[in-house]
Every structure is written in structure tokens, then in C-alpha cells.
1. Give the stretch 4-47 a look and list any residue that's of a type in the set (A, V, I, L, M), open to solvent by less than 40 Å² (accessible area, probe 1.4 Å) and out of contact with any strand residue (DSSP E or B) (no Cβ under 7 Å at 6 or more places or on another chain), or say none.
2. Test Pro78 against the stated conditions and say whether it is at pLDDT below 85 and touching a Ser or Thr at 6+ places or on another chain (Cβ under 9 Å).
3. Please specify each residue of the stretch 48-59 satisfying the condition of being farther than 23 Å from Pro5 by Cβ and open to solvent by 40 Å² or more (accessible area, probe 1.4 Å).
4. For the stretch 8-54, give me each residue that is part of a helix (DSSP H, G or I) and among the hydroxyl-bearing types (Ser, Thr, Tyr).
5. Any chance you could count how many residues in the stretch 1-41 are aliphatic (A, V, I, L, M) and farther than 14 Å from Leu61 by Cα?
Amino acid sequence: MPFHPVTRCKQLVVAARRELHGEVGAALPVDVLTYEEKTLSAILRVISSGLVKLWSALTLLGSYQNRRCAFRVLQTSPFLLALSGNSRELVLD
């Protein structure tokens, strides 16, 4: 039975951290809060001290399971609510 898309995304994130930072890096807690298979985009939650390791691992990962891949970080925030929308597009009445 194939894995759920969120599970596959989580496995990819763990593999990226393991490849660059070893088992210690792979053990850092990261949660996949949302994953949109249609757009191949995800919202990940990581403790602030693990952000650099996660970002570097994803940025430097060039392939996963013999398939080329690339990541682009669109936004970071210490607050989840800030990721829910673009404040520049907010319309105030």
C-alpha cells in the first residue's frame, strides 16, 4: 500500500537532514502541518534552533530515491498565523 503524501513528505525531510547532518540532524523534531500534493507545497514546523539545519538540508538536497528534486523556502515565521496569508493583500474595511 502506498504511503500517504504527508508521510512521504516527512520521509523526504528526514532523509534530507540525515544526508547532510547525520542521525543527530535527522532526529530534530519537524512536523509537516500541511502538504498540498497539487502544488507540491508544505508548511513545516521546526523549533527555532533547528531552522538552519532544516533549511540547509532541504536546500542542498539534489535527489531523493534517485529522482531529482529541489526545494524553495517561500516564507519563514516564528508565528504560524503569519503563514496563513499575505498581509500585503489584506483588505481592511
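The values are calculated or read from the model by the stated rules, or taken from the named source; none is laboratory data. All figures in this text were calculated on a predicted structure; none of them were measured in a lab. Please note: Cβ atoms are built from the backbone with ideal geometry, for glycine as well, and neighbour counts cover all protein chains shown. Remember, those area values only see protein heavy atoms, side chains included, never the ligands or the DNA or RNA. Shrake-Rupley method; radii C 1.70, N 1.55, O 1.52, S 1.80 Å.
1. Val14, Ala16, Ala26, listed by residue number.
2. Working: at pLDDT below 85: yes; touching a Ser or Thr at 6+ places or on another chain (Cβ under 9 Å): yes.
Criteria met by Pro78.
3. Hits for the stretch 48-59 are Ser48, Ser49, Leu51, Val52, Lys53.
4. Here is the first cut: in the stretch 8-54, the ones part of a helix (DSSP H, G or I) are 8-26, 48-54.
Those that are part of a helix (DSSP H, G or I) and among the hydroxyl-bearing types (Ser, Thr, Tyr): Ser48, Ser49.
5. Pass one, the stretch 1-41, residues aliphatic (A, V, I, L, M): 1, 6, 12-16, 20, 24, 26-28, 30, 32-33, 40.
Then drop every residue that is not farther than 14 Å from Leu61 by Cα, which leaves 1, 6, 24, 27-28, 30, 32-33, 40.
Result for the stretch 1-41: 9.
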